[in-house]
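Remarks on the structure that follows.
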Amino acid sequence: MRISSQMEKAINDQISYEASAINAYVAMGSWCERAGYEGSAAFFFEQAVEENTHMLKFVHYLNNAGAEAIIPATEKPESKFDSLEAIFQAGLNSEETVTKLINNLVEIAENEKDRATYLFLQWFVSEQVEEEILFQTILQKFDIFGRDKLAIYQIDQSLASIRSQIMAKKQIKNNNLQ
Ligand SMILES: [Fe+2]
Ligand SMILES: [Fe+2]
């Protein structure tokens, strides 16, 4: 086995968190869809797809390292939200939690001198920077445009372009990492 059992357990915990994030974002998208926030609904469904790619990266990594990826059951995600702003705040909180979890994984890799896993995790370290920027940028829009109905409509409509700008930046970084 290329990785320790402690690392295997920690990555499986991460797989579990990423799986919860998929459902959490689908639930957020679903709330937005019902509320008529089409831009935000598309944003969260897309975000769920991204979390799925994160989960699979960890699954493949474990399976290819002679360990076993455990595909978990997940708890029912939160489905009621007070406002569009509250939903993006919940998204930011979740991403901040993931950042801490990724940093913990990096620490384990450092302590174990597991350089392969350390290197593998670097992609997630920079991904989390982008994920937090994405949600912060959107939340900032509520301060810029305001919180009345027209402002919220404009924010909802601007989400596709905010995402594509940040994705373009991400792409450049990913190319540099490869
Ligand atoms: Fe993720
Ligand atoms: Fe994320």
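Numerical summary
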quantity	calculated
Among the residues listed as 145, 120, the single one being free of Cβ contacts under 8 Å to residues at least 12 places away in the same chain and in contact with a helix residue (DSSP H, G or I) (Cβ under 8 Å, 6 or more places away or on another chain)	145
Residues satisfying the stated conditions in the stretch 31-54, i.e. free of Cβ contacts under 8 Å to residues at least 40 places away in the same chain and small (Gly, Ala, Ser)	36, 41, 48
Filter result for residue 81 (in a loop (DSSP other than H, G, I, E, B), away from ligand 2 (no atom under 16 Å from the Cβ) and crowded, with 17+ Cβ neighbours inside 10 Å)	yes
Test: residue 139 is within 16 Å of ligand 2 (Cβ to nearest atom) and farther than 22 Å from residue 18 by Cβ	yes
Answer from 67, 73 - the residue that is outside any helix (DSSP H, G or I), away from ligand 1 (no atom under 15 Å from the Cβ), closer than 20 Å to residue 122 by Cβ and of a type outside the set (Asp, Glu)	67
The listed residue being closer than 16 Å to residue 101 by Cβ and out of contact with any Cys (no Cβ under 6 Å at 6 or more places or on another chain), out of 51, 68, 33	51
Single unsatisfied condition, residue 11 versus (1) within 16 Å of the chain's Cα centre (by Cα); (2) at positive phi	(2)
Residue 24 being within 24 Å of residue 140 (Cβ to Cβ), under 13 Å from the mean Cα position of the chain (by Cα), part of a helix (DSSP H, G or I) and small (Gly, Ala, Ser)	yes
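Conditions tested, residue by residue: (1) under 18 Å from the mean Cα position of the chain (by Cα); (2) touching a residue at least 60 places away in the same chain (Cβ under 8 Å); (3) within 16 Å of ligand 2 (Cβ to nearest atom); (4) over 27 Å from residue 174 (Cβ atoms).
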residue	(1), (2), (3), (4)
58	yes, no, yes, no
65	no, yes, no, no
68	no, yes, no, yes
85	yes, yes, no, yes
92	yes, no, yes, no
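Here, each number is a calculation from the coordinates, and none is a lab measurement. Here the structure is a predicted model, which is why all the values come from computation and not from measurement. Every residue, glycine among them, receives a Cβ derived from its backbone with ideal geometry; neighbour counts consider all protein chains shown.
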